[in-house]
1. Got a sec? What order do MET1, MET24 fall in by accessible area at 1.4 Å, biggest, i.e. largest, first?
2. Within the chain, which is the longest segment that contains none of the GluC sites (Glu not before Pro) sitting in a DSSP loop with at most 15 other Cβ atoms within 10 Å?
3. Quick one: longest stretch of the chain between exposed loop chymotrypsin sites (Phe, Trp or Tyr not before Pro), exposed meaning at most 15 other C-beta atoms within 10 Å and loop per DSSP?
4. Using a 1.4 angstrom probe with every protein chain in place, what is the largest-first accessible-area order of ASP152, ASP66?
5. Roughly how many Å² of LEU161 are accessible to a 1.4 Å probe, to the nearest 10?
6. Tell me the trypsin sites (Lys or Arg not before Pro) within segment 34-95 that lie in a loop according to DSSP and have at most 15 other beta-carbon atoms within 10 Å.
7. For LYS139, give me every one of the aspartates and glutamates with a C-alpha distance below 20 angstrom, ignoring sequence neighbours fewer than eight places off in its own chain.
8. If you roll a 1.4 Å probe over the heavy atoms of the protein chains, what accessible area per residue do you get for segment 4-172, in Å²?
Amino acid sequence: MKKIRLGTIWLDGCSGCHMSFLDMDERLIEIAEYVDVVYSPYVDMKEFPESVDLTIVEGALSTDHDLRIIKKIRENSKLILALGDCAITGNVSAMKNLYGSEAVLQRGYFELADLNQKYPSKVVPTLLESVIPLHEAVKVDYFLPGCPTPADAIYEMLKSLIEGTEIKIHELTRFGK
Ligand code: SF4
């Protein structure tokens, strides 16, 4: 059996949605029979590979690096799943939009800093003026909301994609626990 090549990535999110993925617990063993994880914070792969079947994306787009990587992911992935409210709406990550990048940098690097310092412009990617959800930059095939998305919902979604069956919205409503 040819395994599904699965990528996962954590952009501007808190990692909570990736923690939820791990919360599938023993069901991860069942999923692993059908997928190869080819790129993820869970594995040691430096470059996003070619020919990925499904990429699960956590987090919004906040930097020029995020924009570059999401475009590369779109080029190299058959399907993209936006995982969690940050990826879908901007959510917590987009709270910065109320104040703008300059105010947030001032607060983080000067007002709250113990020592006078400069913006780390050489080592930290440039912030976009506004944080945006994935679908404003690339086509997204599936949206799985929640903050974080419940592990049960991730499992049912993956199972449905692996089996090639359609997932119905009303089946997800029971995952509010
Ligand atoms: Fe974290 Fe919630 Fe955003 Fe997921 S949706 S990355 S849990 S803040």
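1. These residues rank, largest area first, as MET1, MET24.
2. Values: sites that count: GLU26, GLU33, GLU47, GLU50, GLU166.
For GluC sites (Glu not before Pro) (loop position, at most 15 other Cβ atoms within 10 Å), the longest site-free span of the chain is 51-165.
3. On the way: sites that count: TYR42, TYR99.
Segment 100-177 is the longest.
4. ASP152, ASP66
5. Around 40 Å² of this residue is reachable by solvent.
6. Working: sites: LYS46, ARG68, LYS71, LYS72, ARG74, LYS78; in loops: LYS46.
Sparse-neighbourhood loop trypsin sites (Lys or Arg not before Pro): LYS46.
7. In chain and number order, the partners are ASP12, GLU50, ASP53, GLU58, ASP64, ASP66, GLU75, ASP85, GLU166.
8. Values: 9410 Å² over 169 residues.
Result: 56 Å² per residue.
The values are calculated or read from the model by the stated rules, or taken from the named source; none is laboratory data. Predicted model, so just to flag it, every value in this text is computed and none were measured. Neighbour counts are summed over all protein chains in view; Cβ atoms, including those assigned to glycine, are modelled from backbone coordinates with ideal geometry. Each accessible area value is taken on the protein alone, full model and side chains, heavy atoms only, with ligands, DNA and RNA left out. Shrake-Rupley method; radii C 1.70, N 1.55, O 1.52, S 1.80 Å.
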